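What follows is one structure encoded as structure tokens, with my remarks underneath.
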Amino acid sequence: MQVDDVGGQPGPDSLDSGSSRRRLVEIRCGFAELARREAEAAEARVTDMRHRFDAQLAALTTAQAAVDPRVPRRAKEEAHSRFRKAIAKARSRAQVEAAAASWLAEINRVNGAALGAQMRIQRERDATDALSSQLDHLTAIAEANRAMAESAAEACRTAQEALAATQGVEVARAAGDPSSGSAAEMISAHEAAQAVSAEAQPEATLAAVAIRRTVPAFTVTSARPATAGGPHAPSRISTNGAAPPIDAAAPFDLRGPNPPSIVRLLQRDTATMARLVDWLAGPDVDERRRWQLCLCDFVDAVAATAIDDGCFVFAAGNPFWDQLTVDEAREVARGLAALGYRYDGMGEFADGRVPGQRELAMAVGQAGLLTVRVHSWPGPQEAASLYRQIRVDPIALLAKKAPSLTMGELVSMLGRRAEVAADLWNDWSRARPLLLLPSRE
């Protein structure tokens, strides 16, 4: 059994492996159809509940309008007036007591009628509050189902595009098209999406993305004083001959023993951060502060994007996650996020929203898995701790969405979060070669 290099779980073929792509399209598109029907049914339940709530609210309004506080007050005054007249006409003690008894009986009747009206209003108000709570609950479920349906539809489209791209390469190869070789196979729907995303950027970003410079042989010298054996001693890094173009699209080995410095940076290695600041800012204090803040913002933006994309490492020992491969667990995490159950970055669910078994089953289905495969479903307390022992894996995000570490890939990957690293993109022609230098332990 193979072991995935980013976790202790088995790592068999990915969900998108060649032989299973057609099956994946069937599963995801089937789930998208089920999610769409469930979203429509949930919306219908909300509409029905809203009609019931409106009718109950009208009943409450009618009951409140029927109660006029002047009526019991007027009845009590009339009863008291009759009592006084009866007392004035009384000729014996028995007549006085009869008048008093009649007066008190009328007061009790008026009070009882008022109390009955208030109790009816309270019952109508309780029923209205109950329907309002149910309406809020059904509305939240409908919104989650709608988000789930949209996410499932997007997953269906992505799987269909991947299958169509694969079939296109196979057809071209069968036709003897020389462009259908290994170079053509590197063209993916992901790269096409990046091109579309780049076209949608503002003009300033377009100008940055359009940089296509060639870096000559270069030498970088640390601006900090030499310290024998110290981690920041002056170092000269040179290349033999001309360096490749800045936006060369060759993927990098991000998990090798000596990965690019950007990998160590994203792992929050302080020595790598210090070296990059030395190289980019030199001795200028303000420049050093600016670059350190820019690089920290970049690292935080990548980590937040990795959380949104479900790029997690799941520690062994959790009965629920142990049933799934790493890829399957990440797909389930993405499904939970689509339902509104997101990781807060600190081991908990955001806003204290914990999924139940129904939501977990929907996320498992969105991942293209059969729920009968899952034999251990967490209870409420176990569900609350699902994210307690996971960690974010930004390197998996890079490998998936920016394997060549070009600015176009990174900006497309970060989306709106790319704005926080504007200084990095503006000086990309100088920063990228440094980020790609082999890291040092």
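Since every read-out is calculated from the coordinates, none of them should be taken as a lab result. Keep in mind that what you see is a predicted model, and the values were worked out from it rather than measured. Positions of Cβ are generated from backbone atoms using ideal geometry, with glycine treated the same way; all protein chains shown enter the neighbour counts.
Treat the count of other C-beta atoms within 10 Å as a stand-in for reagent exposure and order 330, 73 from fewest to most. Write down the numbers at each step before the final one.
Numbers: 330 23, 73 12.
Taking fewest neighbouring Cβ atoms as first place, the list is 73, 330.
Can you put 148, 413 in order of Cβ neighbours within 10 angstrom, beginning with the fewest?
413, 148
Using the Karplus equation 6.51 cos²θ - 1.76 cosθ + 1.60 (θ = phi - 60°), what ³J(HN,Hα) coupling, rounded to whole Hz, does each residue of segment 104-119 give in order, writing x for Gly and Pro?
Result, ordered by residue: 5, 5, 5, 4, 5, 5, 5, 5, x, 5, 5, 5, x, 5, 5, 5 Hz.
Within straight cross-link reach of residue 76, meaning Cα distance under 30 Å, which lysines are found once same-chain residues fewer than 8 apart are removed?
Within the straight-line limit of under 30 Å, residue 76 reaches these lysines: 85, 89.
Treat the count of other C-beta atoms within 10 Å as a stand-in for reagent exposure and order 76, 401 from fewest to most. Working shown, then result.
Values: 76 16, 401 19.
In increasing order of surrounding Cβ atoms, one gets 76, 401.
Counting Lys +1, Arg +1, Asp -1, Glu -1, what net charge surrounds residue 99 among other residues with beta carbon under 15 Å of its beta carbon? Write out the running numbers ahead of the final one.
Working: positive: 82, 84, 85, 89, 91, 93; negative: 78, 97, 106.
Neighbour charge sum, excluding residue 99 itself: +3.
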